[in-house]
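Okay, structure first, notes after.
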Amino acid sequence: MSTNDSQKLLTYSMRFEGSVLSRGFWLYVWRITYSNDQYIYVGRTGDSSSANAASPFHRIGQHLDFRSSAKGNSLSRQLRALGIDPVLCSYEMLAIGPIFPEQKTMDRHRPVRDRVAALEKHLAIFLRQRGYQIIGTHAASTEVDPELWRRVVTAVSEKFPNLTLTQPLA
């Protein structure tokens, strides 16, 4: 195998604040661009099966783990279900939090997890109503906390403006 020394190698850049490494309960919104299409994936940290609440940075690797044995890779599974190769996409993530710290026991973890799950569900609905194409499912049975919800809306509104108000009239 020979290499062409005149061929320029591709480079990529990544910048992030260290606080995105903090464990706890976060919401996150991925903007995925594929070809000329844009998809939105809304997620949260805070496991359903354990008292763990990882950082959003940790979730990036899990979501984009393409191995057949991978767990926690719901974003890449959703893209593949749409016939999209995740390697051909570009990604941007907005992380919000930590909204709550990681809890030490499942008894303390569950109510916090459920509060954040309600925010996740409402955020997916909110962005869909704003004209974004949401992928994934978002189920929650807990009522959303109105004050937390107001804060989430404030956090995402600048990055995700209301497309239904900016669409040209037909």
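Descriptive notes on the structure:
- Number of the condition not met by SER76 [criteria: (1) surrounded by 13 or more Cβ atoms within 10 Å (Cβ to Cβ); (2) of a type in the set (Gly, Ala, Ser); (3) not in a helix (DSSP H, G or I)]: (3)
- Residue count for the stretch 151-167, restricted to those that are without any contact (Cβ under 8 Å) to a residue 12 or more places away in the chain and surrounded by 12 or more Cβ atoms within 10 Å (Cβ to Cβ): 2.
Here is a yes/no grid of residues against (1) of a type in the set (A, V, I, L, M, F, W, C); (2) over 26 Å from SER13 (Cβ atoms):
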{"site": "LEU64", "(1), (2)": "yes, no"}
{"site": "LYS71", "(1), (2)": "no, yes"}
{"site": "GLU102", "(1), (2)": "no, yes"}
{"site": "ARG115", "(1), (2)": "no, yes"}
{"site": "GLN129", "(1), (2)": "no, yes"}
{"site": "ILE134", "(1), (2)": "yes, yes"}
{"site": "HIS138", "(1), (2)": "no, yes"}
{"site": "ASP145", "(1), (2)": "no, yes"}
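- Filter result (farther than 14 Å from PRO146 by Cα, surrounded by 19 or more Cβ atoms within 10 Å (Cβ to Cβ) and of a type in the set (Val, Ile, Thr)) within the stretch 100-118: VAL112
- Of the residues making up the stretch 47-64, those that are buried (at least 19 other Cβ atoms within 10 Å of the Cβ) and touching a residue at least 60 places away in the same chain (Cβ under 8 Å) number 1.
- Test: residue in the stretch 29-46 that is at pLDDT 95 or above, surrounded by fewer than 19 Cβ atoms within 10 Å (Cβ to Cβ), within 17 Å of the chain's Cα centre (by Cα) and aromatic (Phe, Trp, Tyr): yes
- Any hit, the stretch 90-108, residues being over 18 Å from VAL20 (Cα atoms) and under 18 Å from the mean Cα position of the chain (by Cα): yes
- Residue in the stretch 159-167 that is modelled with pLDDT under 95, aliphatic (A, V, I, L, M), farther than 23 Å from LEU82 by Cβ and not in a helix (DSSP H, G or I) present: no
- Residues in the stretch 126-141 that are assigned to a helix (DSSP H, G or I) and over 14 Å from the mean Cα position of the chain (by Cα): PHE126, ARG128, GLN129.
- For the stretch 119-150, a residue qualifies if it is surrounded by 14 or more Cβ atoms within 10 Å (Cβ to Cβ) and within 15 Å of GLY97 (Cα to Cα), and the qualifying residues are LEU119, GLU120, LEU123, LEU148, TRP149.
- Of VAL144, VAL153, all but one fail to be touching a helix residue (DSSP H, G or I) at 6+ places or on another chain (Cβ under 8 Å), of a type in the set (A, V, I, L, M, F, W, C), part of a loop (DSSP other than H, G, I, E, B) and over 20 Å from SER74 (Cβ atoms); the exception is VAL144.
The values are calculated or read from the model by the stated rules, or taken from the named source; none is laboratory data. Keep in mind it's a predicted model, so treat the numbers as computed, not measured. Please note: Cβ atoms are built from the backbone with ideal geometry, for glycine as well, and neighbour counts cover all protein chains shown.
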